[in-house]
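Student: Provided herewith is a single structure, encoded as structure tokens, for subsequent inquiry.
We did not get these values from a lab; they are worked out from the coordinates using the rules stated. Note that this is a predicted model, so its numbers are computed, not measured. Every residue, glycine as well, gets a Cβ built from its backbone with ideal geometry; the counts of neighbours run over all protein chains shown.
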Amino acid sequence: MIFNQTEFLFVFLPLTLAAFFAPGLRAMRPYTLLTASLVFYGVSGIEHAAVLAIEVVWVYALTRPLRAAGSRLLLTLAVLPPALALLHYKYLGFVVRTLIGAGISADETFSLFKATLLPAGISFFTFNLISFAIDRYRGEIPEMPPFRRFALFIMFFPHLVAGPILRYRDVADGLARLKEFTLCNGEAAVAIGYICLGLAAKVLIADTLGRIVDPMAHAPGTLPPAGAAYVMFAYSFQIYFDFYGYSLVAIGLASLFGIRFPRNFARPYEARNPRDFWRRWHMTLSYWIRDYLYLPLGGNARYVRNILIVFALCGLWHGAGWNFVVWGLYHAGLVIAYHFGRTGWDRLPNLAQIAATFVLVSLGWTLFLFDFDGAQALIQSLLGLGAATGPSPTAEHWVLLLLAALACFAVYPEAMAERKAHRAAADYARTAAFAVLFVATLLFLDRSQDFIYFRF
């Protein structure tokens, strides 16, 4: 089940809200949300839901004892099964092909790995489980929460399949006050604003660009330079609004139940340099990598080595393929180059810094859209070395790209969602605007695609 489905918006969510706010069921609220989350995730397959439930029980059992704080043995035992499950479902086929099947084509790969379906969001909930175990080991969670609260921290449906990646402290207060939470009109308006804006970003912008990019990307070596440039920049906006839209919806959904999620984006395409970009893009992942990988490796004391390691693993986290690893190393190279050349870079005008960073980031996204051959073909077409027999973007396509750019650089969704009207007329106008936006989104909902980050 996904947020941009009619069944979710008009069946699952209303029923969950009705059960959660039912006057006689306040004491059952944690169990209501747990049940709803299991149903939400179970739609993808009973096996996957069972794997998730077993991992939750396992990690809780191994981190519950008082001696878990400071016990490396219990920490290892706690994180090993989730890590092995992630390896099996996401990376085992990649590892086997790399080690013993370098000459095997994709069509000849072992049927075992073809038949293995990746559980939705396994990378996200695995990182949540690991972070809890490490925080418990470090003594940052001195008092173990009740099992229902811990299970809901991991399984709460708004963040279960595509983040944001949470720390327990992010949501501990909200989870503890579920039974007392009352949704006031102002909070409901803000939550609905986030949901409307997030769905619009996904359905109206990301999916519209996707329908244009997909046919053009089938043969990147045949594109003229303008077509190659269009694919590169359109996909850059597509993946941004796709994931940003999901994050906005997740924040809004969680707010309906009294739980505050951290921001996952801070206008990343306005970053002035590659390092700044990673402080703004998928922020919960960046902070997770910093706190649980980069700093334990020694941080800045071994800067180049550690940057290469963490970005290579960051790329691998996104997908089981060498193109993702190279994407991570590409960003590592950008960050390292900026580190040693920032004096000259920072002297550039602000607009030049933003434009250069955006172009470099957009170029890197081609490794998400294509394999190595496809990315090479697109770059050749971009340089005018392709066949130039493929389609060129039309004037309408360029207008849509311009509108996406305006939405990215000139619209502030969080401020729009949280703005409080001081006059009744302004409040009505704001409500009407969100209603129109929601209806417009519904008109195109049947053509909406899966969220890109679901594969991760």
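Student: Shape of segment 204-349 from its Cα gyration tensor (a ≥ b ≥ c, root eigenvalues): rounded if a/c is under 1.5, otherwise prolate when a/b > b/c, or oblate?
Tutor: Judged from the Cα gyration tensor, segment 204-349 comes out oblate (a/c at least 1.5, b/c at or above a/b).
Student: While we're here: Extension gain F372-S392, at 0.36 nm per residue separation less the Cα-Cα distance, in nm?
Tutor: 4.9 nm
Student: Let me ask you something else. Kindly write out, for segment 280-297 in residue order, the coupling ³J(HN,Hα) from the Karplus curve 6.51 cos²θ - 1.76 cosθ + 1.60 (θ = phi - 60°), rounded to whole Hz, with x marking Gly and Pro.
Tutor: 10, 9, 6, 4, 5, 6, 4, 5, 4, 4, 4, 7, 10, 9, 5, 5, x, 6
Student: Hey, another quick one. Quick one, could you list the DSSP H helices from the chain stretching 20 Å or more along their long axis (Cα atoms) with average Kyte-Doolittle hydropathy of -1.0 or above?
Tutor: Length and hydropathy pass: 46-63, 72-86, 122-138, 185-200, 225-256, 303-318, 322-345, 350-364, 395-410, 424-443.
Student: Distances longer than 37 Å among the Cα atoms of the chain: what percent of all pairs is that?
Tutor: That tail contains 28 percent of the Cα-Cα pairs.
Student: In whole angstrom, how far apart do the alpha carbon centroids of segment 176-224 and segment 362-405 sit?
Tutor: Answer, in whole Å: 23.
Student: Could you work out the relative contact order of the chain? I mean the mean sequence separation of Cα pairs under 8 Å and 6+ apart, divided by the number of residues, in percent.
Tutor: 20 percent
Student: If you put +1 on each Lys and Arg Cβ and -1 on each Asp and Glu Cβ, how big is the dipole of segment 6-182 around its Cα centre, in Debye rounded to 20?
Tutor: Magnitude of the dipole: close to 540 debye.
Student: Based on Cβ point charges of +1 for Lys and Arg and -1 for Asp and Glu, what charge dipole magnitude is obtained for the chain about its Cα centre, in debye rounded to the nearest 20?
Tutor: Using Cβ point charges on Lys, Arg, Asp and Glu, the chain gives about 1380 debye.
Student: How high is the FRET efficiency between L66 and R263 when r is their beta carbon distance and R₀ equals 45 Å, given to the nearest 0.05?
Tutor: 0.85
Student: With a/c under 1.5 counting as rounded, go ahead and sort segment 6-182 into rounded, prolate or oblate using the C-alpha gyration tensor (a ≥ b ≥ c being the square roots of the eigenvalues; past the cut-off, prolate if a/b is larger than b/c, else oblate).
Tutor: In terms of gyration-tensor shape, oblate.
Student: Count the net charge of all other residues whose Cβ sits under 10 Å from the Cβ of Y168, scoring Lys and Arg as +1 and Asp and Glu as -1.
Tutor: Around Y168, the surrounding residues sum to +1.
Student: Indicate the gyration tensor shape class of segment 265-392 (rounded, prolate or oblate), computed on the Cα atoms with a ≥ b ≥ c the square roots of the eigenvalues: a/c under 1.5 is rounded; otherwise a/b larger than b/c is prolate and the rest oblate.
Tutor: Judged from the Cα gyration tensor, segment 265-392 comes out oblate (a/c at least 1.5, b/c at or above a/b).
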